[in-house]
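Just below is one structure, and these are the notes that go with it.
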Amino acid sequence: MDAEDPLRDFRQEFVLPDGVVYLVGNSLGALPRRTSARVARAVEEEWGRQLVGGWNSAGWYAQPLTTGDRLAPLIGAGPGQVVVGNTTSIAVYQAVAAALRLRPDRNVIVVDRTNFPTDNYIVHELGELRDVSEGRFEDAAAVLLSEVDYRTGARYDVPEITAKVQEAGALMIWDVCHSVGAMRVDVSQADFAVGCTYKYLNAGPGAPAFLYVNPRHHAEASNVLPGWYSHAEPFAFEPDYRPAEGIRRFTVSTPHVLSFAALEAALDIWERVDLDQVRAKSMALTSLFVDLVGDALELASPRDAERRGSQVSFFHEDGYPVMRALIDRGVHGDFRAPDILRFGFAPLYTRFVDVYDAAATLHEVLDKELWRDERYARRLAVT
Ligand SMILES: *Cc1c(COP(=O)(O)O)cnc(C)c1O
């Protein structure tokens with residue numbers, strides 16, 4: 001299967017330590033080989049030699065928009081529709097606050113209580129939260145959902161829900177943190193979308209997030225965090241605020257230039273990738289893992305590959321020590337409380353042989369109860 005994989009050459013683009021099967025690319029993508037040189041250039045050449053001139057000559061000033069345009073095709077967006085910067089949590093706040101201002105007579109925000117908690121923590125100050133399982137959108141200002149669930153990997157049918165939400169007069173906000181880079185994403189019908197670049201996109205720890213705003217809202221939507229970067233003329237330093245036209249209105253402030261350099265290196269790779277091949281390989285990798293693990297563990301992810309993202313999760317009440325035992329044997333997944341073992345498959349660098357090795361190690365840890373070793377019981381700060 002590896003020999004016939006059309007994406008097989010992309011693995012050479014990444015630094016992957018010997019003896020490690022890395023199945024956590026859904027949390028922190030692996031390091032692209034080209035990133036070190038690109039970041040070194042930003043530090044030594046741009047910052048070191050151009051100093052403050054780098055804002056003009058190295059393109060730092062325009063980075064939130066230029067990288068937004070480069071990233072846009074990965075989410076089905078066009079130029080001038082995506083802005084990069086800040087974090088996903090901040091982008092969520094901007095999107096939901098903008099939606100509430102566009103629907104001033106409504107204050108309900110429909111969310112999924114099982115979503116990655118930051119999304120719900122961030123918006124609970126803004127309005128009244130209602131769980132999506134109630135299926136009621138008619139008085140909602142906005143509906144905020146993750147395309148792929150971070151814990152189970154379950155995937156929503158985006159066009160179907162988007163249409164239903166918009167028919168009810170609410171605005172649809174997609175969080176694509178766990179789908180961008182794992183499949184073809186299409187936010188073009190959504191009102192807003194947010195996502196991060198350090199998971200499948202491989203832009204590195206702390207890499208900036210992105211915010212998509214549908215062009216039909218560019219004239220009316222407002223930025224609730226109107227920093228100087230979003231002013232119509234930032235370098236006029238006017239005492240009063242005037243919003244920029246277009247997507248620049250949704251910038252906040254100074255971009256994290258060194259992190260943008262790592263994102264640019266990652267995007268160099270993505271510009272050569274066929275997302276249909278990514279999705280096909282992702283479904284094959286996750287299906288193989290589900291088959292090889294078999295009945296050894298209870299599956300927490302949908303069994304139908306079409307209905308899940310690029311991860312496979314299982315329940316185990318001692319999931320934490322099981323995962324520690326696996327990591328000790330070179331198979332890196334992660335644990336999500338209270339009882340989920342999570343394995344992410346990054347089609348650009350995960351091989352089919354890695355899936356075999358991971359499943360064999362998992363069977364050994366379970367069959368021999370290797371996880372009962374007391375070294376694995378104590379929880380580290382990051383699980
Ligand atoms: C990873 C992830 C985030 C990350 O939020 P940060 O603000 O970057 O820490 C947010 N929401 C979802 C759904 C995620 O999967």
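The values are calculated or read from the model by the stated rules, or taken from the named source; none is laboratory data. None of the values given here were measured: they were computed from a predicted structure. So basically every Cβ, Gly included, is an ideal-geometry build from the backbone, and we count neighbours across all protein chains shown. Remember, those area values only see protein heavy atoms, side chains included, never the ligands or the DNA or RNA. Shrake-Rupley method; radii C 1.70, N 1.55, O 1.52, S 1.80 Å.
Magnitude of the charge dipole for the stretch 35-270, about its Cα centre and with charges confined to Cβ atoms of Lys, Arg (+1) and Asp, Glu (-1), is about 360 debye. Note on the stretch 148-268: with charges restricted to the Cβ of Lys and Arg (+1) and Asp and Glu (-1), its dipole about the Cα centre is near 260 debye. Among the protein heavy atoms of the chain, carbon and sulfur supply 52% of the accessible surface, probe 1.4 Å, non-protein parts ignored.
Quick check for you: with a 1.4 Å probe and neighbouring chains kept, what is the accessible area per residue of the chain, in Å²?
On a per-residue basis, 43 Å².
Summarising the amide proton neighbourhood of residue 188: residues at separation of 5 or more, or on other chains, whose placed amide H is nearer than 5 Å comprise an empty set. Rounded to the nearest 5, the antiparallel percentage of DSSP beta bridges internal to the chain is 55%. Neighbours of residue 330, meaning other residues whose beta-carbon lies under 15 angstrom from its beta-carbon, give a summed charge of -3 when Lys and Arg score +1 and Asp and Glu score -1.
Near the amide H of residue 21, within less than 5 Å, lie the amide hydrogens of 331, 332, all on another chain or at least 5 residues away, with H placed in the peptide plane. In order along the stretch 89-98, the Karplus-derived 3J(HN,Hα) couplings, from 6.51 cos²θ - 1.76 cosθ + 1.60 at θ = phi - 60°, round to 4, 5, 5, 4, 4, 4, 5, 5, 5, 5 Hz, and Gly and Pro are given as x. Take 179-188, 226-235 and order them by the average number of nearby Cβ atoms within 10 Å per residue, most first; the result is 179-188, 226-235. Distance between the C-alpha centres of the stretch 261-304 and the stretch 147-179: 19 Å, rounded to the whole angstrom. Centroid-to-centroid, using Cα positions, the stretch 67-84 and the stretch 317-383 are 35 Å apart.
Shape class of the chain from the Cα gyration tensor (axes a ≥ b ≥ c, square roots of the eigenvalues): oblate, since a/c reaches 1.5 or more and a/b does not exceed b/c. Distant-in-sequence amide contacts of residue 14, defined by a placed amide H-H separation under 5 Å and a gap of 5 or more residues or a different chain, comprise 33.
The Cβ shell under 11 Å around residue 83 holds other residues with a net charge of +1, Lys and Arg each +1, Asp and Glu each -1. Among 252, 365, 111, the largest mean-square fluctuation in a Gaussian network model of the chain, built with springs joining Cα atoms closer than 10 Å, belongs to 365. In order along the stretch 187-195, the Karplus-derived 3J(HN,Hα) couplings, from 6.51 cos²θ - 1.76 cosθ + 1.60 at θ = phi - 60°, round to 8, 5, 8, 5, 7, 9, 8, 9, x Hz, and Gly and Pro are given as x. Applying the Karplus relation 6.51 cos²θ - 1.76 cosθ + 1.60 with θ = phi - 60° to the stretch 21-29 yields 3J(HN,Hα) values of 9, 9, 10, 10, x, 7, 10, 9, x Hz, where x marks Gly and Pro. Which whole-number percent is the relative contact order of the stretch 35-270 (Cα, under 8 Å, 6+ apart)? Relative contact order, the stretch 35-270: 24 percent.
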